[in-house]
Structures are given as structure tokens and as C-alpha cells.
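> This is the structure I want to talk about, given as C-alpha cells.
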């Protein structure tokens, strides 16, 4: 039996290699919401440089694909890029292109369903006999588009209609007394 507070007594997701990336994202969101991000460009530039250095390090064999080192090598720079981009968007005076707004609105569905679409298209691609006959970048582009397009489709056809339905169901009926949402949930 593990001692209370030891890593082995915690759920695996809290201290796994992939959990680190989640915590990096939480830290970036925390700093952004608290206004502690500072100037966005240093975060963004440092994140891009470190991400590129991580790719070079990966090619040099400095870390195994599922290792904690790999999560640090890519996770921390990715969080820095997200922090820089988000802080930059808060300062933006230019309008954001509609395509980017749509992708941002669908990002959660893309995140959740990308592998369903990537896996399905990969199986079809492989069974068609085309896999291996075209350059690797063609397979990559096809799978990337499949994951993104599938996530956008789920967002438009499932996520947003369900959210609208839930909102309609929560709207008060005429004469119904409305209880205010607890302050901790209204942020």
C-alpha cells in the first residue's frame, strides 16, 4: 500500500507524461486570466524556438516518443506558444479571419474527435492501396484535413445544436421564478 501523498496513491493521469502537458496548459490559462503573461512576443518567439529545438532533439534521439522528457520538450514550448498567441489576441486590434474563428469555435470537437476521423480515413487510405504509393506528406495532409474537417463537422452538427438545445431547456417559462447561478459558476 502506498503512503498517502505519494505519487502511486494519485490517479495515473495526474502524474503521467501526458498529464504534464495538461498542467502546462492550465498554467498558461492561469497566467493569462490573472494578467501575468506580460508581453506576448517573447513567449511566442521563445516557444517557437524551443519547439523547433525539440524537433531537432527528437531527430537526434534525445528522448523516447512517450517519455516524460518528450512531453517536456514539446509540452512546455507548446504552452508558451499558446500563452503568447492568447495574450496577443487579447491585444489584437485587427479582425480575426472567419476561418480561424470557425476553427477556434470547433477546437473542442476537433480535440475530442480527431483520432476517430484520422483512424477511419487512414484505414480507408490503407485499404485503397494508396498508402505508401504517395509521398508521406500527402498522407499527413490527408489525415490532418480529415481530423480537422471531421471535428468541425461534429461541432456544427452535434456540439452547437446540443448546446442550443440545453440553453432552450434551461430558459425559464413564463411565470417561472429564476434562481441566479452561483457566483462561482458564473465566471
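> Is there a residue being part of a helix (DSSP H, G or I) and modelled with pLDDT of 75 or more anywhere in the stretch 7-20?
Filtering the stretch 7-20 down to residues part of a helix (DSSP H, G or I) leaves 7-9, 12-15, 17-20.
Now narrow it down to the ones that are modelled with pLDDT of 75 or more: 19-20.
Scanning the stretch 7-20 turns up at least one residue that is part of a helix (DSSP H, G or I) and modelled with pLDDT of 75 or more.
> Report whether or not residue 32 is outside any helix (DSSP H, G or I) and either farther than 22 Å from residue 84 by Cβ or modelled with pLDDT of 85 or more (or both).
No: the conditions fail for residue 32.
> Among the residues of the stretch 119-138, write down those that are surrounded by 10 or more Cβ atoms within 10 Å (Cβ to Cβ), modelled with pLDDT of 85 or more and over 21 Å from residue 151 (Cα atoms).
Passing the criteria: only 126.
Residues are listed down the side, and each one gets a yes or a no for (1) surrounded by fewer than 12 Cβ atoms within 10 Å (Cβ to Cβ); (2) modelled with pLDDT of 90 or more; (3) over 24 Å from the mean Cα position of the chain (by Cα); (4) over 27 Å from residue 105 (Cβ atoms):
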| position | (1), (2), (3), (4) |
| --- | --- |
| 143 | no, yes, no, no |
| 153 | no, yes, no, no |
| 181 | yes, no, yes, no |
| 185 | yes, no, no, no |
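> Would a scan of the stretch 65-78 turn up a residue that is part of a helix (DSSP H, G or I), farther than 22 Å from residue 152 by Cβ and at pLDDT 90 or above?
So in the stretch 65-78, the residues part of a helix (DSSP H, G or I) come out as 68-78.
Then drop every residue that is not farther than 22 Å from residue 152 by Cβ, which leaves 68-77.
This time we only want the ones that are at pLDDT 90 or above, so: 76-77.
There is at least one residue in the stretch 65-78 that is part of a helix (DSSP H, G or I), farther than 22 Å from residue 152 by Cβ and at pLDDT 90 or above.
The values are calculated or read from the model by the stated rules, or taken from the named source; none is laboratory data. None of the values given here were measured: they were computed from a predicted structure. All Cβ positions, even for glycine, are placed from backbone atoms using ideal geometry, and neighbour counts span all protein chains on display.
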